[in-house]
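Bear in mind these aren't lab numbers, they're just calculated from the coordinates by the rules spelled out. Being a predicted model, the structure only gives us computed values, none of them experimental. Don't worry about glycine lacking a Cβ; one is built from the backbone with ideal geometry, like all the others, and counts go over all protein chains shown.
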Amino acid sequence: MNTVQRIALGAVVLGCSHAALPVAAGEAAPEWVDRARSSAGTLASRLQQELQAAIAEGGPVQGIETCRIRAPEIAEETSSERARVGRTALRVRNPDNAPDAWEAGVLQDFEQRIAAGASPAELETWIETDLDGRATGRWMKAIPTQPLCVTCHGETLAPELAEAIEAAYPADAATGFAPGDLRGAFTVEVVLDAGD
Ligand code: HEC
């Protein structure tokens, strides 16, 4: 694919016109978007499984340890040479998950849509763009805060949890969330130009 298009398709389009040109709603998603969705789905279910198992076994403090070690590993395992999968947010626990400019813009757009009444579970966007000189598909899907999440991302944390988080993430900014809030997003980059 040689022509680099900057587009955002589908029912959910970016509101900021400088970031993407909205295309007619309802247009079918390109094939790579399905790959992005399924990679993020795999990451989500594996993370959730391991997190729940760790909490069942050793409580939320054990969950912190699992998230710290396993979340980046599972993201790496789920990624392939052509599709990179991760999580990001406007307020991050791990600075490695901080958004780039496009991701931050999408997250702000998601926040605005939620404020205007959209359900965070339905927010998704994608764009075909040039990233580091390569035609790349970028896809993001909102991650809503669920009741389980506030144990570690909520307004008030159990003292031993707060301590464990402070020790592992001195710059933690990922607290203060309530169920229904936008916690962050899955973010996937798919290489579109096969010629390398
Ligand atoms: C047991 C504690 C714990 C629970 C419960 C938990 N998280 Fe986290 N979360 C963490 C830790 C620790 C990290 C940092 C992981 C890393 O180092 O990549 C994290 C990171 C994240 C990130 C990546 C962005 C960032 O802040 O670094 C997202 C998104 C996220 N969590 C969403 C959720 C959601 C949604 C839920 C509920 C379904 C949830 N978390 C439940 C501990 C938890």
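Just a few scattered comments:
- Working note: Cα gyration tensor of the stretch 30-191, eigenvalues times five, square-rooted, sorted largest first, giving semi-axes of 27, 18, 14 Å.
- Here the stretch 30-191 is treated with +1 on each Lys and Arg Cβ and -1 on each Asp and Glu Cβ, and its dipole about the Cα centre works out to around 260 debye.
- Using a Förster distance of 30 Å, the FRET efficiency for ARG134-GLN48 (Cβ separation, nearest 0.05): 0.45
- Here the simple spin-label model places points 7 Å from the Cα toward Cβ, and for ASP100 and GLU122 these points are separated by 3.0 nm.
- Packing, as the average of other Cβ atoms within 10 Å across residues, places the peptides 138-151, 104-117 in the order 138-151, 104-117, highest first.
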